[in-house]
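The structure under discussion appears below in the form of structure tokens.
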Amino acid sequence: MVVFRAHRLIAMSGLAVAAATAAIADPLTPTADFTKAEPGEAWSAGAATSRHPVNRNSFSHSSGNMSFERELDFKVGNGIFKRVWVTAPASTDSADGLGPLYNARSCQRCHLKDGRGHPPNGNWPEDNAISMFLRISIPPQTDDDVTALAEHRKSVIGDPTYGTQIQDFAIPGLPAEGRMHITYSDEIVTFADGETVTLRRPEYKVTDLGYGPLHPDAMLSPRVAPPMIGLGLLEAVPAEEILAGADPDDHDNDGISGRANQVWDAANGTVALGRFGWKAGNPTVRQQSAGAFAGDIGISTPENPAHWGDCTDAQTLCRDAPHGASQRHQNAETSTEMLDLVTFYSRNLAVPKRRNVDEPDVLRGKALFYRSGCTSCHRPKFKTADLPDRPEQSGQLIWPYTDLLLHDMGDGLADNRPEGVANGREWRTAPLWGIGLTETVNGHTYFLHDGRARNLMEAILWHGGEAEAAKNEVLMMSKQERTQLLTFLNSL
């Protein structure tokens with residue numbers, strides 16, 4: 001075990017990230033003292049924490065420890081992230097190649113203000129689902145499918161007609177694949193003191209199918225675009241630290257059985273730890289970004305060179321549509337350099353500084369969060385690896401409140417759609433840093449993978465499976481305690 005004798009005083013732009021302290025034990029050990037904030041706790045991302053004031057742009061700033069020289073790459077990456085792609089051919093070959101099928105015309109259209117997406121306010125044509133879509137897959141059909149899944153070369157088997165994602169937009173002359181249709185039903189949950197909360201349970205289907213019926217065994221799973229902050233820091237956590245928290249057979253009998261997703265790392269041609277996505281389906285920020293270019297916008301990269309994005313062999317008009325690939329972009333629609341810049345931007349979107357960490361109600365809420373068992377999955381702290389080539393993420397004490405592992409969340413949240421190692425009841429523990437600024441940045445408080453929760457308390461009450469005991473602790477709390485718990489969460 002590494003023991004840190006003292007915190008080093010780190011000053012950036014005249015501000016101290018954390019005051020030097022004497023003889024501090026291992027800072028990764030969970031605290032048992034809730035009378036005061038922990039050293040450095042306000043700086044959720046260590047020296048990389050944003051220094052900017054809280055406002056609508058709080059998720060869009062660069063790492064607080066980024067050098068002036070590297071800021072240019074961040075700004076150029078931001079420009080590509082915001083770029084609105086157009087149909088090929090166009091007068092510029094740097095921004096054409098949209099689709100032919102797609103969910104959005106830019107990264108920013110889904111990750112609004114680099115933050116959290118939301119479910120539509122109504123079904124099409126009342127509203128569109130610009131920051132939410134449906135994943136689709138089928139059970140393995142052949143021995144090759146079974147082998148590809150077993151060897152982790154594939155995480156899912158796509159629908160033979162619709163691929164792995166329902167695209168609800170298309171370029172002129174082609175039909176969209178379909179429209180997501182959501183129906184909600186109400187469920188009442190009652191606290192021990194008699195107060196009730198109404199939860200809404202969603203059901204999903206696809207209407208206006210453009211290419212014939214879905215496979216009879218098609219499995220659908222909704223996805224809201226998650227916030228972009230802190231991704232590079234999560235990528236910098238040593239894999240062995242994450243794996244050390246896994247207990248798939250619950251050997252310690254605490255009811256928590258975190259599992260690591262094992263996915264294909266295309267860059268290295270090997271199996272790797274999954275970290276990103278609602279089911280930890282991607283190993284790196286770069287692979288996640290390239291996959292989003294291909295699936296969400298229909299833009300090819302040297303890593304995903306297919307010019308038609310997620311179009312299948314059955315969608316012949318889509319396969320034959322004009323594309324924007326060029327030799328200048330290595331026979332793709334965006335170049336390695338452009339993908340590098342988007343990856344750099346995505347790695348360096350800063351986590352905001354926490355607010356009010358010393359306020360009594362925040363500290364009481366923190367104690368309730370710990371004592372209810374929430375930290376069994378929402379692990380408070382990690383230390384990132386030493387990465388000379390990524391100075392912003394190197395050697396930071398971070399507070400993401402996730403273990404980056406898969407957990408059984410019960411029948412209520414089950415999508416019944418496996419992805420890699422993850423079964424139909426399992427989800428990766430979502431990071432909580434920045435969650436209290438969702439309304440400030442994105443103007444809403446919709447949470448969970450499909451935005452069914454309209455506030456943080458509803459999100460808590462949807463927890464089941466391994467989190468059932470923690471949820472029951474919340475149900476037994478007094479109204480004042482529930483308010484204090486939410487005050488703590490909103491300080492993150």
- Amide H contacts under 5 Å for GLY274, placed H, 5+ residues apart: ASN261, GLN262, VAL263
- Where the Cα atoms of the chain are projected onto their three principal axes, how long is each span, largest first, in whole Å? 66, 55, 43
- Count the lysine pairs in the chain whose Cα atoms sit under 19 Å apart, keeping only pairs 8 or more residues apart in sequence or on different chains. 14
- Which order do TRP308, TRP85 fall in if you start with the one that has the fewest other Cβ atoms within 10 Å? TRP308, TRP85
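Dipole size in debye (nearest 20) for the chain around its Cα centre, Lys and Arg Cβ +1, Asp and Glu Cβ -1? Could the numbers behind the result be given before it?
Numbers: 46 positive and 62 negative charges, 323 e Å.
Result for the chain is approximately 1560 debye, rounded to the nearest 20.
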- Note on the structure: Dividing the helical contributions, -39500 (n - 2.57) per DSSP H run of n ≥ 4, by the residues of the chain yields a 222 nm value, nearest 500 deg cm²/dmol, of -6000 deg cm²/dmol
- Item | Taking GLU38, GLU337 and counting other C-beta atoms within 10 Å, the order from fewest to most | GLU337, GLU38
- Task: Rounded, prolate or oblate: pick one for region 417-492, where a ≥ b ≥ c are the square roots of the eigenvalues of its C-alpha gyration tensor, a/c under 1.5 means rounded, and failing that, prolate if a/b is larger than b/c, else oblate.
- Result: oblate
- Task: List the residues of region 246-281 whose backbone N lies under 19 Å from a point placed 7 Å from the Cα of MET476 along the Cα-to-Cβ direction.
- Result: 254-256
- Item | Under the Karplus curve 6.51 cos²θ - 1.76 cosθ + 1.60, θ = phi - 60°, whole-Hz ³J(HN,Hα) for region 34-45, x wherever Gly or Pro sits | 10, 8, 7, 5, 6, x, x, 5, 5, 9, 4, 10
- For VAL54 and ASP247, extending 7 Å from Cα along the Cα-Cβ vector and measuring point to point gives, in nm, a value of 3.4 nm
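Counting other C-beta atoms within 10 Å, which of LYS353, LYS279 has the fewest, and how do the rest follow?
By the 10 Å Cβ count, ascending: LYS353, LYS279.
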- Message: Just to be sure I understand the model, the point goes 7 Å from the Cα along the line to the Cβ. What's the resulting GLN141 to GLU203 distance in nm?
- Response: 2.7 nm
- Taking 0.36 nm per intervening residue step and subtracting the Cα-Cα distance, what contour gain separates ASN423 from GLU439 on full extension? 2.6 nm
- region 71-160 - convex hull of the alpha-carbon atoms, volume per residue in Å³: 188 Å³
- Query: Just checking the chain: which Cys have no other cysteine's beta-carbon under 4.7 Å?
  - Reply: CYS107, CYS110, CYS374, CYS377
- Task: Assign unit charges at the C-beta atoms only (+1 for Lys and Arg, -1 for Asp and Glu), then state the dipole size of region 227-314 relative to its Cα centre in Debye, rounded to the nearest 20.
- Result: 360 debye
- Any residue on another chain or 5+ positions along whose placed amide H is under 5 Å from the amide H of SER62 is listed here as ALA350
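Just so you know, all these numbers are worked out from the coordinates, no wet-lab data involved. Note that the coordinates shown come from a computational prediction; the quantities given were computed from them, not determined experimentally. Methodologically, a virtual Cβ is constructed for each residue, glycine included, from the backbone with ideal geometry; neighbour enumeration extends over all protein chains shown.
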